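This report refers to the structure that appears directly beneath it.
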Amino acid sequence: MAEKQQNTIYIGKKPLMNYALIAIRFFNYDNVDEIKIRARGSNICKAVDMVEYLRNMYYKDLILKDLNIFEEEVTDDKGNVKKVSSIEITINKGKNAPMI
């Protein structure tokens, strides 16, 4: 993940609810209609869980607009290059999504 993109949430080691609150802020307060959620390695399942959490708890009309699965090359502190599985999920809150 070379350059951080606007309206993109990068999933890491924080609790799921932290990332869900960022998505809610984007949708409700920043008036963003589309968000990209990116994760790598073991955090991929947390990214999928977050999309399902948003869909079940807050945005019933949430639309899965795009899903990309790919590999990224990551260099560690010692200079070793590893390939890591990654995911990018693009979601849209839909036209009829209620505000919380």
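For the chain, with every protein chain kept in place, what is the accessible area per residue (1.4 Å probe, Å²)?
65
Mind checking the angle between helix 44-57 and the chain's longest principal axis? C-alpha axes, 0 to 90 degrees, to the nearest 10.
Here the helix axis deviates by roughly 0 degrees.
How about the range 1-87: which chymotrypsin sites (Phe, Trp or Tyr not before Pro) there are in a DSSP loop, with at most 11 other Cβ atoms within 10 Å of their Cβ?
29
Please list, by residue number, every one of the trypsin sites (Lys or Arg not before Pro) in the range 3-100 that is coil in DSSP and has at most 15 other beta-carbon atoms within 10 Å.
Passing sites in the range 3-100 are 4, 13, 60, 78, 95.
Leaving ligands, DNA and RNA out of it, rank 73, 88, 52 by accessible area with a 1.4 Å probe, largest first.
Final ranking, largest accessible area leading: 73, 52, 88.
Separation between the residue 84 and residue 53 pseudo-spin-labels, each 7 Å from Cα along Cα→Cβ, expressed in nm?
Spacing of the two 7 Å Cα→Cβ label points: 2.0 nm.
Any idea what the dipole of the chain comes to, in debye rounded to 20, about its Cα centre with Lys/Arg Cβ at +1 and Asp/Glu Cβ at -1?
260
Can you give the FRET efficiency for residue 68 and residue 22, using 1/(1 + (r/R0)^6), R0 = 22 Å, r = Cβ-Cβ distance, to the nearest 0.05?
The computed FRET efficiency comes out at 0.65.
Going by a ≥ b ≥ c, the root eigenvalues of the Cα gyration tensor, does the range 1-95 fall in the rounded group (a/c under 1.5), the prolate group (a/b larger than b/c) or the oblate group?
Verdict is prolate for the range 1-95.
Treating the angle as unsigned and between 0 and 90°, give the value, to the nearest 10°, between the Cα long axis of helix 16-28 and the longest Cα principal axis of the chain.
50
The values are calculated or read from the model by the stated rules, or taken from the named source; none is laboratory data. All figures in this text were calculated on a predicted structure; none of them were measured in a lab. Ideal geometry is used to build each Cβ from the backbone, glycine not excepted, and the neighbour counts take in all protein chains shown. Each accessible area value is taken on the protein alone, full model and side chains, heavy atoms only, with ligands, DNA and RNA left out. Shrake-Rupley method; radii C 1.70, N 1.55, O 1.52, S 1.80 Å.
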